[in-house]
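One structure below.
The values are calculated or read from the model by the stated rules, or taken from the named source; none is laboratory data. These numbers come from a predicted model, not from an experiment. Methodologically, a virtual Cβ is constructed for each residue, glycine included, from the backbone with ideal geometry; neighbour enumeration extends over all protein chains shown.
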Amino acid sequence: MTQATRILDGGMGGELQRRGAPFRQPEWSALALMEAPHTVRETHAAFIAAGAEVITTNSYALVPYHIGEERCHRQGRELADLAGRLAREAVRDSGKAVLVAGSLPPPCGSYRPDLFQPEDAAEVWGELIAGLAPYADVWLAETQSALQEAEGARAALGDDPRPFWISFTLKDRLIEGEAVLRSGETVADAAVKAEALGAEALLFNCSQPEVMESAVRTAKQTRPGLAVGVYANAFPPQEEDAIANEGLSPFRKEVDPPAYLDWARRWVAAGASIVGGCCGIGPDHIAMLAKGLRSD
């Protein structure tokens, strides 16, 4: 691993659940934020201690399909502020130079580009951005299923000068040997779009480890100068019409820390310079990444 490679944190929701924090669907990771915010700060601290150099705010579930339209409208900005503050406090308490990434999730439904409504999305993102703005070092539009979603997130940020990262979620199986976005759009087109939107990094997240190497290679071949990253999940493959709050998915036992490190080495060899984890990837995984990749 080169000195420029960054280690991200892992999945907040799965780790909160593992730690016994308040957790259920449809609220997902937002429930701990509302009922036991100290567990969110403790989880951030665990990822930092494991070696994460970037932590992501626990704002992913602060959208209508997780906390409801009324609560989102009434408390969305306040909860986003709390999510940002908890992340910043964890960094401060660690004494380490860790960046805070402000999470801008898909506001109309994870894995479902067909549900995206630009006007509704802009309103939700606007509240999140307002709440997170005092704390974010970088903006992370994550789990984007389509190019249109990424365009909307960039537009919602207006002229904010902070670095902008885009992370797309991919179909859980290769199509004719190639990774593709859940919308069916190509990774090559995603790389072109990321550069056009001024993104400093293009990442791929919340998808199977098996599809990530193809995505990294295509992105680097298409736009060699663009930083590329991966944070895969440990979910079983999801159905095409899946919605993130339909139930609590199990995690794949075979995606343990040693296996995840093996995958990460392949992503780095393919050109990834940012590596972390998504759902089901905990501090033990991140610790193994930080130790294993830095010793390569």
Only one of Asp114, Asp81 is over 19 Å from Gly276 (Cα atoms), free of Cβ contacts under 8 Å to residues at least 24 places away in the same chain and not in a loop (DSSP other than H, G, I, E, B). Can you tell me which?
Asp114
Residue, nearest to Ala201 (Cα to Cα), within the stretch 18-76, restricted to residues that are among the polar types (S, T, N, Q) and surrounded by 24 or more Cβ atoms within 10 Å (Cβ to Cβ):
Thr56
So which residues in the stretch 117-146 are under 18 Å from Thr57 (Cβ atoms), assigned to a helix (DSSP H, G or I) and not hydrophobic (A, V, I, L, M, F, W, C), if there are any at all?
Gly126, Glu127, Gly131
Looking at Glu142, Glu151 in this structure, which one is farther than 19 Å from Val228 by Cβ and not polar (S, T, N, Q)?
Glu151
Would you check if there is a residue in the stretch 205-213 being among the charged types (D, E, K, R), modelled with pLDDT of 95 or more and on the phi < 0 side of the Ramachandran plot?
yes
